[in-house]
Amino acid sequence: MALFYNRAQRRNPQDPEGPQKWYPVLRSTGMIKQSELAKLLADETTLNPKEAEMAIYQLFKVIVRVLFTGATVPLGDMGSFRLTISTTGADTEAEATADKVKQVNLRFMPSKDLKHELSKAEFIYLKSMLLETPSADKP
């Protein structure tokens, strides 16, 4: 599978006074709608698209409910979700209360299988793809 990238010049956050360097940056091709995802899922299962869409919605509800129990949510060969929090420190144990929580974060931990699949990615420089694509203006 191929991933598209562009090039971007950026400063190194660890050396803001240093020279900017060029980095490859993934190019998003957009976001698909839940109904489109459901159609893709339906093509791979015995579900019809509406049943697949309902299954996705129900999975969302179940994941949220389980995360709020403090449990990690495994998703088979894909990986798992868990919650973490960002907090500010306190000088004493008694001061370490819920008001020190700044944010609840959702973390996804990919499985070894998913990491292996991602390692197969090929990268295509988007500008080179545009140069190779025939123009609609040309006969």
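The table that follows gives values for the structure above.
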read-out	value
Choice from Pro16, Pro24, Pro74 with maximal GNM fluctuation in the chain (Cα, 10 Å cutoff)	Pro16
Per-residue [θ]222 nm for the chain (sum of -39500 (n - 2.57) over DSSP H runs n ≥ 4, rounded to 500)	-9500 deg cm²/dmol
Among Thr88, Thr46, Thr72: highest mean-square fluctuation, GNM of the chain, C-alpha pairs under 10 Å	Thr88
Solvent accessible area, Å² - Arg7, 1.4 Å probe, full protein context	130 Å²
Residue of Ser111, Ser80, Ser28 that the Gaussian network model of the chain assigns the largest fluctuation, springs spanning Cα pairs under 10 Å	Ser28
Cβ charges +1 (Lys, Arg) and -1 (Asp, Glu), total dipole of the chain, debye	300 debye
Surface share of carbon and sulfur [accessible, 1.4 angstrom probe, percent] for the chain	58 percent
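The values are calculated or read from the model by the stated rules, or taken from the named source; none is laboratory data. Since the structure is predicted, the reported quantities are computational estimates derived from the model, not experimental observations. Positions of Cβ are backbone-derived with ideal geometry, glycine not excepted, and every protein chain shown enters the neighbour counts. With ligands, DNA and RNA removed, areas are computed over all heavy atoms of the protein, side chains included. Shrake-Rupley method; radii C 1.70, N 1.55, O 1.52, S 1.80 Å.
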